[in-house]
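Here's the structure, in structure tokens; my notes come after.
The values are calculated or read from the model by the stated rules, or taken from the named source; none is laboratory data. All values reported here derive from a predicted model rather than from experimental measurement. Cβ: placed from backbone, ideal geometry, glycine included. Neighbour counts: every protein chain shown. Ligands, DNA and RNA are excluded from the accessible area calculation, which covers all protein heavy atoms including side chains. Shrake-Rupley method; radii C 1.70, N 1.55, O 1.52, S 1.80 Å.
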Amino acid sequence: PITPGELLCLGSSLAFSGLFYYLYRRKARVMARIQEAPKLQVDDNLPALVSAAEERCLPYVALEGIVLPAQAALTSHYHEGLQGVIQKLLLKEHRLIWNSLARSW
């Protein structure tokens, strides 16, 4: 006979397996979209392409081309001769709403 403890363990194991499979499939779909992203060249046509896009945004696009650093290029401490730049960061603040139940913003 199966004990209630064994049933509880089996049920929780199945629930966790289902949750992790759901998260895996969701991330796999995102990775597939990223791998299928169109490759665009950084040239004079890029600003016109972005302004013509919906909401002036191109989701999941791979840009290819040469970029120049605004100040100095970053050099890698782990790979000699490897340099990089930091893209311009965009900070979007969400409106804070007071939650009276949790007494927090």
The chain - mean residue ellipticity at 222 nm from DSSP helices (-39,500 (n - 2.57) per run, n ≥ 4, rounded to 500):
-12500 deg cm²/dmol
Between ARG56 and ARG26, what FRET efficiency follows from the Cβ-Cβ distance if R0 is 35 Å, with the result rounded to 0.05?
0.85
Hey, if we sort ARG33, ARG25, ARG95, ARG56 by accessible area with the 1.4 Å probe, largest down, what's the order?
ARG95, ARG56, ARG33, ARG25
Output ³J(HN,Hα) for the range 47-62: one whole-Hz value per residue in order, computed from phi by the Karplus curve 6.51 cos²θ - 1.76 cosθ + 1.60 with θ = phi - 60°, and x for Gly and Pro.
x, 5, 5, 5, 5, 7, 6, 5, 6, 6, 9, 10, x, 6, 10, 9
Between ALA48 and ALA70, what is the FRET efficiency for a Förster distance of 35 Å, r being their Cβ-Cβ separation, to the nearest 0.05?
0.90
Contour excess over end-to-end distance, with Cα ends at LEU8 and GLU36 and 0.36 nm allotted per residue
5.9 nm
Expressed as a rounded percentage, what relative contact order does the range 4-84 have, with Cα pairs under 8 Å and six or more residues apart?
21 percent
SASA check, LEU7, accessible area w/ 1.4 Å probe, all protein chains in place, rounded to nearest 10 Å², comes out at 100 Å²
With a 1.4 Å probe and every protein chain left in place, tell me how much accessible area LYS92 has, in Å² to the nearest 10.
150 Å²
What whole-number value in Å² describes the accessible area per residue of the range 4-84 for a 1.4 Å probe?
92 Å²
Hey, what angle do you get for helix 4-35 against the long axis of the chain, alpha-carbon based, 0 to 90 degrees rounded to 10?
10 degrees
Computed over the Cα atoms of the chain, what is the ratio Rg over Rh, Rh following Kirkwood?
1.19
Charge dipole (debye, nearest 20) of the range 1-58; +1 at Cβ of Lys and Arg, -1 at Cβ of Asp and Glu:
200 debye
So, with a 1.4 angstrom probe, what is the percent of accessible area on the range 4-84 that is carbon and sulfur?
60 percent
